[in-house]
Each structure stands twice: as C-alpha cells, then as structure tokens.
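The values are calculated or read from the model by the stated rules, or taken from the named source; none is laboratory data. Everything numeric here is computed off the predicted structure, so don't read it as measured data. Cβ placement follows ideal geometry from the backbone for every residue including glycine, while neighbour counts extend to all protein chains displayed.
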Amino acid sequence: MKRWEERTIEEAHLLNPAFCCAVLSASVVGYTSEASAGLPFPLSFLVLPTTLHKHTRESLPRDTRTSLAAWLQQNCEARVGFAQRVIAVRPHTREAILFGTTHGWLTMSGGLLAPTINELVINKSTQSLETEARECLRRAAFVGKWFARAGNAATVMALWGVRP
C-alpha cells in the first residue's frame, strides 16, 4: 500500500479508506440481512471491484430475483478483467477492513465480517454524498444480498472466475 503522500489525487479521493469502508459495510449489512452469519472474508475482496467499477455497477440487476449465475452468463463482459481489478483494489479492501474494525463499523470473527452498524446508519451516511458515491453504496448493499443468495464463498468466487 502506498503512503498517502505517494498516492495520486484521484486514488486518494476515490479509494480513501472511509469511503471504501462505507461501501464494504453496506455490503456486509446487505449480506447479513439475507444470511444467518457475516460476510465470508474472501468475498469482501469482490465487493469493491464489483461496485466501484462503473460499467459493472450499472449493469447489475435491479433485484435479487436474477441470480448471480444467470446474470454472469448474460453479462460475460463483467468477468473480463475482473481478477485484475480484484488484485488492484486488494490493498484498498484491506485498508477499508482495518478502518472499519478500528472505527467500529465492522467486526471480524471466525473468518466472517459482521457489521456493528445497521442500514439506518448507512443511509444517514449517504445523505451528504454525491449521486455516484450514493449509488455505489446502494449497489453495494444489493451485492451483499446477492452474494448471500448465490451460495457459499467458493461458489461465488468460482462464478466470478477468481480464487482466494
């Protein structure tokens, strides 16, 4: 991870730990609303590349009735370059998790991320955000629910064509 002084302005603004933590937390809240447990740690690395990538985010289905497997079959281009995006934002995901656990938004236990906040806190934090940032948080909550319905972590990662 680059030191703050070494980051470009764009990188510092778009991938700052507070915003990435909010996106990840929204996804964890969404996941736990559908599953009986927290978000598996490996899946946390898929959230940012899915929600921050504009083309992927905009092509996501509107609700969870469309399965992840069916959507990926119809939107094969979403997997193109996905593994490289996961690797590129991996340090930012780690930084977001650290930020979230340090500032009381997330907890980690037994390889699962659980929220210490609820959907109301996420919604309140989005009020001051611009349209695109707000959309990232909204879609992150969807992605969390979607991943919970798609199966275990190994299945979700295999569908995306990545491995832990």
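Tabulated values for the structure
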| item | result |
| --- | --- |
| Output for segment 151-161, where each listed residue is in a helix (DSSP H, G or I), of a type outside the set (Ser, Thr, Tyr) and either in contact with a Gly (Cβ under 8 Å, 6 or more places away or on another chain) or farther than 19 Å from residue 25 by Cα (or both) | 154, 157, 158, 159, 160 |
| Condition check for residue 37: in contact with a strand residue (DSSP E or B) (Cβ under 6 Å, 6 or more places away or on another chain), modelled with pLDDT under 95 and of a type outside the set (D, E, K, R) | yes |
| Among residues of segment 46-76, those that are under 17 Å from residue 131 (Cβ atoms) and in a helix (DSSP H, G or I), counted | 5 |
| Residue among 43, 48, 72, 39 that alone is surrounded by 14 or more Cβ atoms within 10 Å (Cβ to Cβ), under 16 Å from residue 95 (Cβ atoms) and touching a helix residue (DSSP H, G or I) at 6+ places or on another chain (Cβ under 9 Å) | 48 |
| So residue 83, is it under 15 Å from residue 96 (Cβ atoms), part of a helix (DSSP H, G or I) and aliphatic (A, V, I, L, M) | no |
| Within segment 133-159, tally of residues that are without any contact (Cβ under 8 Å) to a residue 12 or more places away in the chain and loosely packed, with under 14 Cβ neighbours inside 10 Å | 3 |
